[in-house]
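Beneath this line is the structure, given in structure tokens, with notes to follow.
The values are calculated or read from the model by the stated rules, or taken from the named source; none is laboratory data. All of these numbers come straight from a predicted model, not from anything done at the bench. Heads up, the Cβs are rebuilt from the backbone with ideal geometry, glycines too, and the neighbour counts pull from every protein chain shown. Ligands, DNA and RNA are excluded from the accessible area calculation, which covers all protein heavy atoms including side chains. Shrake-Rupley method; radii C 1.70, N 1.55, O 1.52, S 1.80 Å.
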Amino acid sequence: MAVRLRVILPHCVLILFSVIFLFPFMWLVMTSLKTPEEILKFPPSILPETFQWSNYKAAFEAIPFTRYMMNTFLICIINIIGQLFAAPLVAYSISRIPWKGRKIIFTIVVATMILPAQVQMIPQYIIFTKLGWVNTIMPLTIGAFFGAPFFIFLLRQFLLGVPMELSEAAKIDGASEIRIYLKIILPILKPALATVVLFSFVWSYVDFMGPLIYLNDSVKWTITVGLQSFQQDHGAQWEKLMAASTIMAIPMILIYFFGQKYFMKSGSALTGFK
């Protein structure tokens, strides 16, 4: 009985917390399928009397939803490519190649993480204005090709768990530093790189302030700015807004489910040995 209780109790607790965390999303979906009268009814009901699937069609017709999603995905893809190119290179050079000053550089890189985004807004805007990049996606993507400090830190910590003997054995066989990086290190980094993809996608996908500041033309807006504009133009049409928000949440849910096994693996430092 005691053994059974030790097994059942943790599962009950996990199920309870799962319900608590899933409830807001369930409420979002159910609200998107209600009529305006049902949404404002008190006391509120969880399930709609009749599922209003037409709310989704109305949401697509109210705003250029497809265009906003395409703009958002374009920025996400460019940022992911930039991070996958830059962050592993920087992390590899700091963690695996001995050179003078690398600890100082790493300290500076990590220290930039404590700078509030609000402090950087005005200087960045002035720089991008002088470069003529305002109303383009360049301010939203160029930083990815220099590597985000968090990703550099994450990958560097991951690489510290990889034995140096792997690189030394490859050098004895005549492999260059680039070949070691491409053929040995990158395959070992796959779980951590999947985490980089996941976080980079989510950060770019939900970014509101960046597109709001730099994208003046509505044709170039992302989905976050588009939804905010919809709310301002159409008032409290909650059923349409919730329908659009539900569709917006689907890509993040999918990428989490497909990438969660790599996300969990990246928490431990793999050694490269099976």
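For Ile105, what accessible surface area do you get with a 1.4 Å probe? Give it in Å², rounded to 10.
Here the residue's solvent-accessible area equals roughly 80 Å².
Could you go through the range 178-184 in sequence order and give the Karplus-derived ³J(HN,Hα) for each residue, using 6.51 cos²θ - 1.76 cosθ + 1.60 with θ = phi - 60°, rounded to whole Hz, and x for Gly and Pro?
5, 5, 4, 4, 6, 8, 10
Treating each Cα of the range 107-191 as an identical point scatterer and ignoring solvent, apply the Debye formula and state log10 I(q)/I(0) at q = 0.11, 0.22, 0.26 Å⁻¹.
The Cα Debye sum returns log10 ratios of -0.51, -1.07, -1.29.
I need the Kirkwood Rh of the range 63-235: take the reciprocal of the average 1/r across all distinct C-alpha pairs and report it in angstrom.
It works out to 18.0 Å.
Taking the full set of protein chains and a 1.4 angstrom probe, give the accessible area of Cys12 in square angstrom, rounded to the nearest 10.
70 Å²
So if a site counts as exposed when it's one of the chymotrypsin sites (Phe, Trp or Tyr not before Pro), its DSSP state isn't H, G, I, E or B, and it has at most 11 other Cβ atoms within 10 Å, what's the longest stretch of the chain without one?
100-272
If you average the alpha carbon positions of the range 30-70 and of the range 71-89, how far apart do those two centres end up, in angstrom?
Using only Cα atoms, the two centres lie 33 Å from each other.
What number, rounded to the nearest 500 deg cm²/dmol, is the helix-based mean residue ellipticity at 222 nm of the chain, given -39500 (n - 2.57) per DSSP H run of at least four residues and division by all its residues?
So the calculated ellipticity at 222 nm is -22500 deg cm²/dmol.
Classify the range 1-56 from the C-alpha gyration tensor, please: rounded if a/c falls under 1.5, else prolate or oblate depending on whether a/b exceeds b/c.
Prolate is the answer for the range 1-56, as a/c is 1.5 or above and a/b outweighs b/c.
If you wrap a convex hull around the Cα atoms of the range 46-138, how much volume per residue is inside, in Å³?
Taking the convex hull of the Cα positions in the range 46-138, it is 221 Å³ per residue.
Ordered by residue, what ³J(HN,Hα) values in Hz, to whole numbers, does the range 69-82 give under the Karplus form 6.51 cos²θ - 1.76 cosθ + 1.60, where θ = phi - 60° and Gly and Pro are x?
Ordered by residue, 3J(HN,Hα) equals 5, 5, 4, 5, 5, 4, 5, 4, 5, 4, 5, 5, 4, x Hz.
How long is the gain from Phe25 to Cys12 if the chain were fully straight, where each residue apart is worth 0.36 nm and the alpha carbon distance is subtracted?
2.6 nm
Can you give the extra length, in nm with one decimal, that the chain gains between Thr50 and Phe208 once fully stretched, where that is 0.36 nm per residue apart less the Cα-Cα distance?
Result: 53.5 nm gained on full extension.
Before I look further, what does the chain give for accessible area per residue, probe 1.4 Å, in whole square angstrom?
Using a 1.4 Å probe on heavy atoms only, each residue of the chain averages 61 Å².
Ordered by residue, what ³J(HN,Hα) values in Hz, to whole numbers, does the range 190-200 give under the Karplus form 6.51 cos²θ - 1.76 cosθ + 1.60, where θ = phi - 60° and Gly and Pro are x?
Result, ordered by residue: 3, x, 5, 5, 5, 5, 4, 4, 4, 5, 4 Hz.
In percent, what relative contact order does the chain have, based on Cα pairs under 8 Å that are 6 or more apart in sequence?
32 percent
Report, to the nearest whole %, how much of the accessible area of the range 63-235 belongs to carbon and sulfur atoms, 1.4 Å probe, protein only.
Within the range 63-235, the accessible surface is 70 percent carbon and sulfur.
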